[in-house]
Amino acid sequence: VDAKLDIDFDAIYQGTLDVPGVAATGIPWDIAAPQPAVVEWAADGAGRFAGAVLDIGCGTGDNAVHLASRGFAVTAVDGASGAIDLARARAAAQGASVAFEVADAFHLPYAERFDTVLDCALYHCLDPSVRAAYAAELHRVTRPGARLNLLGVSDRAPEGTPPSRVSERELRDTLTAAGWTITALREHRLTAVIPADALALFGVDLQAGADGRVRVPAWAVEADRA
Ligand SMILES: C[S@@+](CC[C@H](N)C(=O)[O-])C[C@H]1O[C@@H](n2cnc3c(N)ncnc32)[C@H](O)[C@@H]1O
């Protein structure tokens with residue numbers, strides 16, 4: 001069982017997080033590009049995005065900007081105002097139209113509104129004790145038949161991989177109990193920027209590729225709302 005997760009995202013976005021190894025890392029998930037799994041989900045014929053899209057825990061917004069560039073209507077929310085500031089600036093620089101909002105994933109200001117949800121790397125940041133409530137909140141803000149696309153660090157990643165490793169069983173149990181039917185669950189990767197010394201500090205046996213990016217084993221989950 002993972003230790004209680006309590007990540008200070010505001011401090012990470014403000015660059016003031018005082019954790020050895022992590023401060024030097026900057027924003028480890030900020031690859032200044034959409035995640036490859038999101039690009040695949042949004043590609044022609046993939047059929048994983050439709051209608052009103054919610055990008056939950058959108059971070060610096062590159063996934064949301066990509067989805068907007070593919071013609072989807074995207075609302076992107078994050079609990080950290082620093083993330084939304086960065087995301088809005090990035091979207092403006094690219095002329096992308098995305099509705100960015102600061103909001104807490106457990107108290108979203110919507111009801112039965114979205115046809116698609118993207119959770120790219122939020123679920124594994126949540127403490128296991130609150131994941132059921134989170135999955136239920138996503139159910140509440142989506143319409144019947146909505147699609148959920150979720151990418152999170154898997155338990156096939158090396159022990160110690162931050163912020164937590166999630167098992168297939170846990171994902172299946174949590175999402176199913178909240179009214180989501182999993183239609184696909186496959187191995188994928190989360191691309192991150194984590195310096196070698198930070199990896200060493202966490203004791204994690206992962207190597208960066210030639211491009212300096214670490215590709216962390218992840219689950220790509222597709223689910224439908226009843
Ligand atoms: C690992 S980052 C991933 C960011 C982005 N989705 C990406 O792929 O680059 C997780 C994000 O979830 C946000 N977050 C964490 N807990 C949240 C909550 N309760 N409500 C809204 N956002 C939250 C964090 O601020 C952070 O931006």
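The values are calculated or read from the model by the stated rules, or taken from the named source; none is laboratory data. Treat the numbers as computed from the prediction; the structure is a model and nothing was measured. No Cβ is skipped: glycine too gets one built from the backbone with ideal geometry, and neighbour counts run over all protein chains shown. Calculation scope for accessible area: heavy atoms of the full protein, side chains included, ligands and nucleic acids excluded. Shrake-Rupley method; radii C 1.70, N 1.55, O 1.52, S 1.80 Å.
Can you find even one residue in the stretch 175-195 that is loosely packed, with under 14 Cβ neighbours inside 10 Å and on the phi > 0 side of the Ramachandran plot?
no
Residue by residue through the stretch 117-150, note down the ones that are within 10 Å of the ligand (Cβ to nearest atom), assigned to a helix (DSSP H, G or I) and in contact with a strand residue (DSSP E or B) (Cβ under 7 Å, 6 or more places away or on another chain).
Tyr123, His124 - these are the residues of the stretch 117-150 that are within 10 Å of the ligand (Cβ to nearest atom), assigned to a helix (DSSP H, G or I) and in contact with a strand residue (DSSP E or B) (Cβ under 7 Å, 6 or more places away or on another chain).
Let me spell it out: the conditions are (1) surrounded by 15 or more Cβ atoms within 10 Å (Cβ to Cβ); (2) under 22 Å from Arg48 (Cα atoms); (3) away from the ligand (no atom under 16 Å from the Cβ), and Ala76 meets all of them except one. Which number is the exception?
(3)
Here's a check for you: in the stretch 152-173, which residue that is in a helix (DSSP H, G or I) and open to solvent by 60 Å² or more (accessible area, probe 1.4 Å) is farthest from Leu190 (Cα to Cα)?
Asp173
Could you give me the residue pairs with C-beta distances under 6 Å whose first residue belongs to the stretch 30-48 and is open to solvent by less than 60 Å² (accessible area, probe 1.4 Å), whose second residue is assigned to a loop (DSSP other than H, G, I, E, B) and within 10 Å of the ligand (Cβ to nearest atom) wherever it lies, and which are 6+ apart or on separate chains?
Once the first residue is open to solvent by less than 60 Å² (accessible area, probe 1.4 Å) and sits in the stretch 30-48, its partners that are assigned to a loop (DSSP other than H, G, I, E, B) and within 10 Å of the ligand (Cβ to nearest atom) give Asp30/Thr60.
Within the stretch 111-151, can you find the residues that are more than 18 Å from Asp173 (Cβ to Cβ), open to solvent by less than 30 Å² (accessible area, probe 1.4 Å) and of a type outside the set (A, V, I, L, M)?
Phe114, Thr116, Cys120, Cys125, Thr142, Asn149
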